[in-house]
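Chemist: Here you go, one structure.
Derivation of every value follows stated rules applied to the coordinates shown; laboratory data play no part. No experiment lies behind these values; they were computed from the predicted model shown. Quick reminder, even Gly has a Cβ in these numbers, built from the backbone with ideal geometry, and neighbours come from all protein chains shown.
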Amino acid sequence: MKKLLLSSFAACAIVYSMYGQLSPKTIQVGAVNRNYLEYLPAGLDPSNESPSLVFILHGIGGTNSQMVSAGFNNIADTARVIVYYPQGIGNAFGQTSWNNGTLLASTVDDISFFNKIIDSAIFNYNVDPSRVYITGFSMGSIMSHHMACEMNDRFAAIGCMAGTMPTSDIQNCNPAYATPVIHLHGTADGTVPYDGAALPSLSLVQETMDFWTNVHGCDATYDSIGMPNLANDGITVDRFIYSNCNPLGSVELYRMNGADHIYLYQPVNDITEMIEIWWFLNKWSHPSPAAAHVNEMFSNSFKMYPNPAENYLFINVQENAQYEIHQMNGAKVLSGYLLNGENQINLNSLTSGVYVVNVAGVKKRLIIN
C-alpha cells in the first residue's frame, strides 16, 4: 500500500515550498506530542475572512508530507481554505496509522488530536466551524468514514479515496447529522478490494455506499455519468449520484474502472481526485457544528465583556497586569496597564473583526462589531 501511494503522489508532486505558508506544527494531546503540517492560503486575513478547513490524511505507513503532493494547496489559495496534514502514530506493527477501529489501527487519541487542531484554527484564524471537512487516501479514507461517526458534530462532509468503512462503524455508527459523502475507488484495487472478498474488519464499496445512502434516505437508484475518457491510461471513470437523498445529492460514488490502489490526477488520468472532492465538499455546511472548546486551550484567569464588543471592552483582573490586543495576523493594535478590578478599554480606534486579547500571557478571542 505504501509503495503505490508514494509512486502515485510523487508523480503528481507540486513544488509547494514556493508558497511559504506550509509550516510544521506540534500540539500536545495528553502526554503525547502530535505533529501536523499547516497550510495557510496566500494573503489570509482572519480579521476580514472566515476560511474553511480541510484535513487530509495519509495512508498506513505513510507520512503527512506525502499528502502535500496531492495538490490541494493550489486549490486552497483560490478557495480560501486552511489545510491540515496530520501525522499518524505507529500501530502494533510499527506502521503509522489512525485509531479507526480496524485491525491495523493505532491506539492513540486521534479524536482529541483533531478536536484540538479545529479549536486552535477557530481561535487563531477565525475558521468557520460549519465548514470543516476531512478527506484521505487508503487508511486515511477509512479514518474519514470513521470521523463522520465519531466527530459527527464537527465535520460538514467527507471525501474518501480507496478506503472503505470499518465493519465496526457499519454495525454501530448512528450519526445524528447525515454527513454528505463522496467516495472514489478503483475496481482493480488489490489493497482495499472494491468487491469480492473484503479484508478483515473492512467493508466492500457497495456496503459502504449502502450504509450512507440509508443514513440519507436515498433511493436505490442513481444517476450515472460517464466522465470524458481523454487520457490513455486504461482507466475510465463513472460518477454515480444517488437520487432523492436528504439533502439532495449528498452521496456520490466515483467508480474508477480498471484502477488499482492509486490516486488519479490530470493529465495522466481523466480526473484529479482532489479537485472532484473539493467541488463536492464545498457544497456543504454543517447545520449545527460543535463550538470551539476555547476554555480548554486558554486559562480563564481574567474576565472580559461584552464579547462581541463595539465601543468599549471591560476587563476584570485580580491583580495589576499588562494587556495587549492583537490582530489575528499578530500585529499589536492596543496595549496598556490594568489595575486590580474592572478596567474599561476604548475600542473606537479598531475596525470590525477578530482580535486576540493578551493579559499577562493569557489569551482570549475578541470579536468587535
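Chemist: Compute the angle between helix 205-216 and the longest alpha-carbon principal axis of the chain, please, reported from 0 to 90 degrees and rounded to the nearest 10.
Modeler: The angle comes out at about 50 degrees.
Chemist: Nothing charged except the Cβ atoms of Lys and Arg (+1) and of Asp and Glu (-1): what's the magnitude of the dipole of the range 2-281 about its Cα centre? Round to the nearest 20 debye.
Modeler: Numbers: 10 positive and 24 negative charges, 131 e Å.
It comes to approximately 620 debye.
Chemist: Moving on to the next point. Between the range 299-369 and the range 30-98, how far is it from one alpha carbon centroid to the other, in angstrom?
Modeler: The distance from the Cα centre of the range 299-369 to that of the range 30-98 comes to 31 Å.
Chemist: Is there a pair in LYS25/LYS303; LYS332/LYS364; LYS25/LYS116; LYS116/LYS303 whose C-alpha atoms are over 19 Å apart, and which pairs would that be? Provide the component values of the computation, followed by the final result.
Modeler: Working: LYS25/LYS303 29 Å; LYS332/LYS364 14 Å; LYS25/LYS116 12 Å; LYS116/LYS303 23 Å.
In this structure, LYS25/LYS303; LYS116/LYS303 lie more than 19 Å apart at Cα.
Chemist: Something else: Hey, got the dipole for the range 297-369? About the Cα centre, +1 on K and R Cβ, -1 on D and E Cβ, debye to the nearest 20? Each step should come with its number before you reach the end.
Modeler: Numbers: 5 positive and 4 negative charges, 42 e Å.
Roughly 200 debye, rounded to the nearest 20.
Chemist: Turning to a different aspect of this structure: Find the all-direction average of the projected area of the Cα convex hull for the chain, expressing the result in square nanometres with one decimal place. All intermediate terms of the calculation are to be shown ahead of the outcome.
Modeler: Numbers: hull surface 77.0 nm².
Mean projected area of the Cα convex hull: 19.3 nm².
Chemist: Going toward the positive end of the dipole of the range 2-281, with +1 on Lys and Arg Cβ and -1 on Asp and Glu Cβ, which of VAL237, ALA259, THR96 do you reach last?
Modeler: Most positive-ward Cα: THR96.
Chemist: Put +1 on the Cβ of each Lys and Arg and -1 on the Cβ of each Asp and Glu in the chain; which of VAL356, SER50, PRO129 then has its Cα farthest toward the positive end of the dipole?
Modeler: So the residue we want is VAL356.
Chemist: Let me ask something else about it. Name the residue from TRP212, ILE315, MET143 whose Cα lies farthest towards the positive end of the charge dipole of the chain, charges +1 on Cβ of Lys and Arg and -1 on Cβ of Asp and Glu.
Modeler: ILE315
Chemist: What's the FRET efficiency of GLN322 with LYS283 using the Cβ-Cβ distance as r and R₀ = 41 Å, to the nearest 0.05?
Modeler: Working: r = 46 Å, r/R0 = 1.13.
Computed FRET efficiency for GLN322 and LYS283: 0.30.
Chemist: At 222 nm, what value in deg cm²/dmol follows for the chain if DSSP H runs of at least 4 each add -39500 (n - 2.57) and the sum is divided by all its residues, to the nearest 500? Working shown, then result.
Modeler: Working: 9 runs with 82 residues, N = 369.
Taking each H run of at least 4 residues, the total per residue is -6500 deg cm²/dmol.
Chemist: What residues from the range 253-269 fall in the zone where the backbone N is under 15 Å from a label point 7 Å along the Cα-to-C-beta line of ASN229?
Modeler: The answer is 255-259, 269, whose backbone nitrogens lie closer than 15 Å to the label point.
Chemist: Relative contact order for the range 2-281 using alpha-carbon pairs under 8 Å, separation at least 6, rounded to a whole percent?
Modeler: Values: 621 pairs, mean separation 42.1, N = 280.
Relative CO of the range 2-281 lands at 15 percent.
Chemist: Here's something else I'd like to know. Antiparallel as a % of all DSSP beta bridges within the chain, to the nearest 5?
Modeler: Details: 53 of 78 bridges.
Once the DSSP bridges in the chain are tallied, antiparallel ones form about 70 percent.
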